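We did not get these values from a lab; they are worked out from the coordinates using the rules stated. All figures in this text were calculated on a predicted structure; none of them were measured in a lab. Cβ placement follows ideal geometry from the backbone for every residue including glycine, while neighbour counts extend to all protein chains displayed.
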Amino acid sequence: MNILTRYHKVIHTTLTLNSTTLYTLENQIIISKHKLINLNESISQQISIINSSDSLVGSIPLNFPNVNLTLYFLKFILASNDLVTVLTICSTDIPRTFPLLTLDTIIKDFREYRETSNSNVEFKIRFNQIIKFQESEFQRNLIEITKNDLNQIKYVLNDNIEQVLERNERINLLVNKTDRINTLSSNFRTNTTRVKRKLWWNNVKFWAVLVIISIFLLLILAKIIIG
C-alpha cells in the first residue's frame, strides 16, 4: 500500500510561463518526512519533456523508493502566444479528479488574471489559495463519501437485522404450531388409550354377563331334566 495514501494533499505544484517558473508551492513536511530529495530534479526534467510534447493534459508516474507518485500536467496558450504549464504531484492512489481540477482552476484564474495585469507577483497569493481550497474540498468530499458509505452500511445492517427478526418470528410461529400439534397428538393418543380401555372393559363385562346367564340357564335346564 502506498504510504502517502493518508495524505490528501498535493506534494508539489508549479506554474511556468514559457518554461520559466513563476509560482511554486511545496509541502515540505511530506517531502522531508519521506526524503523526496530528488523531487525538484525530476520535476525539471519532466517540465522540459512536457513543454516539448503536443499533449495539453496528461499524467506521468514518478519512481521513488517506497512511494508511488504521479505528476499531472495541464498546458494552455495565452492570447499573447505564451505557453502556460501547470503541474502538480500527489500520491498515485488519490483520484485523478482532484489534481486535474486543481490544475484547471489555476489555469482559468491565471488566464483571467493575465487579461487585466502583466505583473506576476500578485497572483502568487491566489495560486496558494486555490491549492489549499481544493485540498480542503477534497477532504470534505472524502468525509461525505465516508458518511454515505457508513449510512449505506447502517442501512444494510438494519435491513439484515429486520430480516433476521422476521425469520425468528416465523421460526417461533412454526415452533408454536409444532408444539400445539405435538400437544394435540399427545392428547389424541391419551384419549385413544382411554377409549380402548373402556371398550375392553365393556367387552369383558358383556362376556361375563353372558357366561353367568348361560350358567344360570344350564342350571335351570338341568334341574328340569333331573326333575
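If you take all other residues with their beta carbon under 13 Å from the beta carbon of PRO61, and give Lys and Arg +1 and Asp and Glu -1, the sum is 0.
Extension gain, ILE77 to ASN168, is 25.9 nm, computed as 0.36 nm per intervening residue step minus the present C-alpha separation. With respect to the chain, whose longest principal axis is taken over its alpha-carbon atoms, helix 39-52 is tilted by about 80°.
Our note on the geometry: Cα centres of the range 163-227 and the range 57-113, 96 Å apart. Treating cross-link reach as a plain straight distance, find the lysines whose alpha-carbon is under 20 Å from the alpha-carbon of LYS196, omitting any fewer than eight places away in the same chain. Correct list for LYS196: LYS205. Between 0 and 90 degrees, the angle of helix 97-116 with respect to the longest Cα principal axis of the chain falls at about 30 degrees. Given springs between every Cα pair under 10 Å in a Gaussian network model of the chain, which of VAL175, VAL86, VAL204 has the largest fluctuation? Comparing VAL175, VAL86, VAL204 in the GNM, the peak value goes to VAL204. The charge dipole of the chain, taken about its Cα centre with unit charges on the Cβ atoms of Lys, Arg (+1), Asp and Glu (-1) only, comes to about 2700 debye.
Placing unit charges on each Cβ (+1 for Lys and Arg, -1 for Asp and Glu) gives the chain a dipole about its Cα centre, and among GLY58, ASN68, LEU39 the Cα reaching farthest toward its positive end belongs to ASN68.
Residue pairs exceeding 21 angstrom between C-alpha atoms, taken from LYS33/LYS124; LYS33/LYS75; LYS33/LYS108; LYS75/LYS108; LYS35/LYS75: LYS33/LYS124; LYS33/LYS75; LYS33/LYS108; LYS35/LYS75.
Would you kindly state how much longer the chain becomes between ILE213 and VAL57 on full extension, computed as 0.36 nm times their sequence separation minus their alpha carbon distance, in nm to one decimal?
Numbers: separation 156, 0.36 × 156 = 56.16 nm, distance 12.31 nm.
Roughly 43.8 nm would be gained on extension.
Once the Cα atoms are used to define both axes, helix 123-226 deviates from the longest principal axis of the chain by about 10 degrees.
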